[in-house]
Structure formats: C-alpha cells, structure tokens
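See below for the structure under consideration.
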C-alpha cells in the first residue's frame, strides 16, 4: 500500500525500483533530467545552509557519512562539491532560478 500524499510519486518510484530489484531487472533510470537532479541537490544544500548546518553536515546528508569520513575533510573533493552546491543554491535563491524556467 502506498500512502497517497505529496510524497506518493516518490514512494511509488521506490516501490517499483524495489520490485524490479526483486525480479532481477535493471533499475529504471531516473525520470528527472540531469539539470533537474542538480537543482534538487542545490536546493537541498541551500536548505541546509539556511538552516545553519555546516558544510560537513550538508555533505553528510547529500553524500552519506561514510563517503565524507573516507577522506580528510579539508582536502576532500566532497567538501569542494558541497561548497559549490551551496553557492549554486544561493544563486538560485537570488534569481538564478529564472534560467531554469526559460527551458
């Protein structure tokens, strides 16, 4: 049973992926184009930043604690990626979202 609320599409996609995994079928590719997936990451990073989370905490939520802990934080490529995502999210917030609306 899938609860029919605002998260229903995500639950249905997760259920379908699980069913395909059980049936030994390759997972279905994400429905969102790469640009839209990046926007989701930008918004998640921005949300963490506006909530007062450190870059490290944001990275742990985006990439997982194990991946973040695997390398020294100060020289980690995930640190750089997180900072870029936060900056990109701030840019979107300040009007950069119009670029995506034009497409």
Hey, among the residues in region 53-103 that are over 17 Å from residue 43 (Cα atoms) and buried (at least 16 other Cβ atoms within 10 Å of the Cβ), which one's farthest from the chain's Cα centre (by Cα)?
76
Of the candidates 38, 20, the one satisfying the condition of being surrounded by 13 or more Cβ atoms within 10 Å (Cβ to Cβ), at pLDDT below 85 and at negative phi is 20
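The values are calculated or read from the model by the stated rules, or taken from the named source; none is laboratory data. Computed from a predicted structure; not experimentally measured. Quick reminder, even Gly has a Cβ in these numbers, built from the backbone with ideal geometry, and neighbours come from all protein chains shown.
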